[in-house]
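This report refers to the structure that appears directly beneath it.
The values are calculated or read from the model by the stated rules, or taken from the named source; none is laboratory data. Treat the numbers as computed from the prediction; the structure is a model and nothing was measured. When we count neighbours, we look across all protein chains shown, and the Cβ atoms used for this are built from the backbone with ideal geometry, even at glycine.
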Amino acid sequence: MEGDSAMADALPGELTDDEVLAAVAEHRGLEGDDELRRLASGARIEHQPLLDCTITRCIESRTTGEETRPAPFDLSGRPVVDDLDAYRQDPPKDPRRRETVRIVLDGSVREVPCHDCSNGKQQCPNCKGTGRLHCEPQVPCTDCKSVTSCTKCRGRGGSRKAPVTPAAPQKVKQPGVRVDCALCDASGTACPRCLGWGKTLCTDCGGDGKVPCRHCQGRGRWRCDTCAGKGRLTVWRGATITRAPENEEVTPPPPRAPWIVRSRLRSRGTWRETVVGPKDRLPADLAAHHRSAIERSLVGKRKGEVTRQVSIRHLPLARVVLSDVQDRVYYVYPGVSRPRVTWIPSRRWVSRVAAGAAAALTTAVLLFVALR
């Protein structure tokens with residue numbers, strides 16, 4: 001039996017070769033010492049523990065400068081310090097939480113008039129303070145589009161003295177029925193909506209040419225956004241300190257179980273879970289190659305790093321290949337009460353099936369060609 005060296009290097013709590021072989025024997029329905037010895041003589045055992053590790057770093061960033069808010073602004077809940085750059089906080093208890101702290105420089109708070117307005121009001125930039133906007137007093141008729149306003153004068157009028165300006169659009173009682181033209185006085189030739197003009201007075205301005213500004217409701221001024229209409233600002237020098245988590249997934253190095261096994265066991269078995277702080281040691285039962293991978297990721301500090309936390313989930317796993325079983329590879333892992341077994345097809349079996357399928361396909365193609 002191969003695997004004695006793996007057993008000698010077994011970690012605390014790792015599955016022993018005897019436990020692995022007993023689980024495979026039970027899975028295959030083998031009983032008795034003779035069967036177990038026969039199984040052991042042709043077994044090759046390789047330990048391939050699973051690892052799910054996330055390093056969470058608390059990264060601090062800060063911005064310093066002058067801040068303004070509409071006056072009066074309550075700053076009583078913010079720490080007041082003598083030196084913004086020298087201010088330090090204790091490391092957070094949970095690096096996974098995002099935190100923001102705003103501090104105020106002592107003696108920097110004051111109130112000043114708002115430089116963007118006058119008494120909280122600004123001139124409306126849309127109407128330049130007039131309260132009104134230009135509007136086209138006459139618009140093309142919506143019915144005739146100024147094209148068929150009058151079938152006789154074409155909207156140019158005649159000898160009859162016409163009104164100076166078009167009228168408001170008429171209410172059409174009988175669509176398609178022509179009326180007397182207001183320009184040339186011809187009977188039954190004009191569009192019933194514009195009476196032959198081709199244009200009507202604008203319904204928005206009534207022909208006045210001006211409409212109230214919608215931005216300021218015709219007042220010409222509106223509330224200043226800078227001071228919220230207060231006319232004064234609270235000004236101070238402060239700093240905003242943000243602590244945000246950054247996660248890094250540690251990729252386990254070889255030997256690694258196939259993806260299908262890792263995916264299948266993600267929610268099976270008794271995973272060992274540990275949360276390690278910046279001053280704590282890694283679990284003693286970690287595999288050596290897993291420990292090295294995590295330690296390499298922990299070397300050095302990131303810019304702005306305040307503290308870190310390592311969340312580790314690992315599951316002992318043994319790969320078992322039996323010399324008399326060509327089509328399967330077994331994987332043994334700790335269950336709730338006893339070791340459990342899962343299996344996947346062996347590479348040899350998959351290759352043989354693929355070769356057989358390819359040969360069958362080739363034969364079918366040749367037969368099809370021959371029968372054409």
For region 207-216, indicate whether the set of residues that are out of contact with any Leu (no Cβ under 8 Å at 6 or more places or on another chain), in contact (Cβ under 8 Å) with a residue 40 or more places away in the chain, crowded, with 16+ Cβ neighbours inside 10 Å and among the small types (Gly, Ala, Ser) is non-empty. no
Which of the residues spanning region 222-267 are surrounded by 17 or more Cβ atoms within 10 Å (Cβ to Cβ), aliphatic (A, V, I, L, M) and over 30 Å from Asp85 (Cα atoms)? Val250, Ala257, Val261, Leu265
Among Leu39, Leu30, the single one that is under 28 Å from Pro316 (Cβ atoms), at pLDDT below 95, surrounded by 19 or more Cβ atoms within 10 Å (Cβ to Cβ) and out of contact with any Lys or Arg (no Cβ under 6 Å at 6 or more places or on another chain) is Leu39
Scan region 36-53 and give yes if some residue there is in contact with a helix residue (DSSP H, G or I) (Cβ under 8 Å, 6 or more places away or on another chain), of a type in the set (D, E, K, R) and outside any helix (DSSP H, G or I), otherwise no. yes
Qualifying positions in region 284-328 - without any contact (Cβ under 8 Å) to a residue 24 or more places away in the chain and within 24 Å of Arg98 (Cβ to Cβ): Gly300, Lys301
For region 170-178, check the following and say yes or no: at least one residue is polar (S, T, N, Q) and without any contact (Cβ under 8 Å) to a residue 24 or more places away in the chain. yes
Of the numbered conditions (1) touching a residue at least 12 places away in the same chain (Cβ under 8 Å); (2) part of a loop (DSSP other than H, G, I, E, B); (3) over 24 Å from Ile344 (Cα atoms), Arg281 fails exactly one; give the number of that condition. (1)
Within region 121-151, restricting attention to residues that are of a type in the set (D, E, K, R) and under 30 Å from Ala182 (Cα atoms), which residue is nearest to the chain's Cα centre (by Cα)? Glu136
Listed by first then second residue, the pairs whose first member lies in region 90-108 and is within 17 Å of Ala239 (Cα to Cα), whose partner is β-branched (Val, Ile, Thr) and in a loop (DSSP other than H, G, I, E, B), with beta carbons under 8 Å and at least 6 positions apart or on separate chains, are none
The conditions are (1) modelled with pLDDT of 85 or more; (2) assigned to a loop (DSSP other than H, G, I, E, B); (3) closer than 14 Å to Gly198 by Cβ, and Thr130 fails exactly one of them. Which is it? (3)
Could you tell me whether any residue of region 155-177 is in a strand (DSSP E or B), surrounded by 14 or more Cβ atoms within 10 Å (Cβ to Cβ) and either touching a strand residue (DSSP E or B) at 6+ places or on another chain (Cβ under 7 Å) or of a type outside the set (Gly, Ala, Ser) (or both)? no
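Per-residue answers, yes or no, for (1) modelled with pLDDT of 95 or more; (2) exposed (fewer than 14 other Cβ atoms within 10 Å of the Cβ); (3) within 20 Å of Thr54 (Cβ to Cβ):
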{"residue": "Gly269", "(1), (2), (3)": "no, no, yes"}
{"residue": "Lys279", "(1), (2), (3)": "no, yes, yes"}
{"residue": "Leu286", "(1), (2), (3)": "no, no, yes"}
{"residue": "Ile294", "(1), (2), (3)": "yes, no, yes"}
{"residue": "Val310", "(1), (2), (3)": "yes, no, yes"}
{"residue": "Ala318", "(1), (2), (3)": "yes, no, no"}
{"residue": "Ser323", "(1), (2), (3)": "no, yes, no"}
{"residue": "Arg328", "(1), (2), (3)": "no, no, no"}
{"residue": "Tyr333", "(1), (2), (3)": "yes, no, no"}
Give region 178-192 a look and list any residue that's of a type in the set (Gly, Ala, Ser) and part of a loop (DSSP other than H, G, I, E, B), or say none. Ala182, Ala186, Ser187, Gly188
Among Pro70, Pro79, Pro95, the single one that is out of contact with any Asp or Glu (no Cβ under 7 Å at 6 or more places or on another chain), of a type outside the set (S, T, N, Q) and closer than 30 Å to Val276 by Cα is Pro95
For region 193-269, which fully contained strands (runs of 3 or more DSSP E) count at least 1 residues that are closer than 30 Å to Cys117 by Cα, more than 40 Å from the chain's Cα centre (by Cα) and aliphatic (A, V, I, L, M)? 210-212
If you take the residues in region 84-120 that are of a type in the set (Asp, Glu) and either over 26 Å from Pro245 (Cα atoms) or in a strand (DSSP E or B) (or both), which one is nearest to the chain's Cα centre (by Cα)? Glu99
Within region 133-154, how many residues turn out to be at pLDDT below 80 and over 23 Å from Asp208 (Cβ atoms)? 1
Restrict the check to region 92-101 and report whether at least one residue is in contact with a strand residue (DSSP E or B) (Cβ under 6 Å, 6 or more places away or on another chain), farther than 29 Å from Pro252 by Cβ, loosely packed, with under 14 Cβ neighbours inside 10 Å and not hydrophobic (A, V, I, L, M, F, W, C). yes
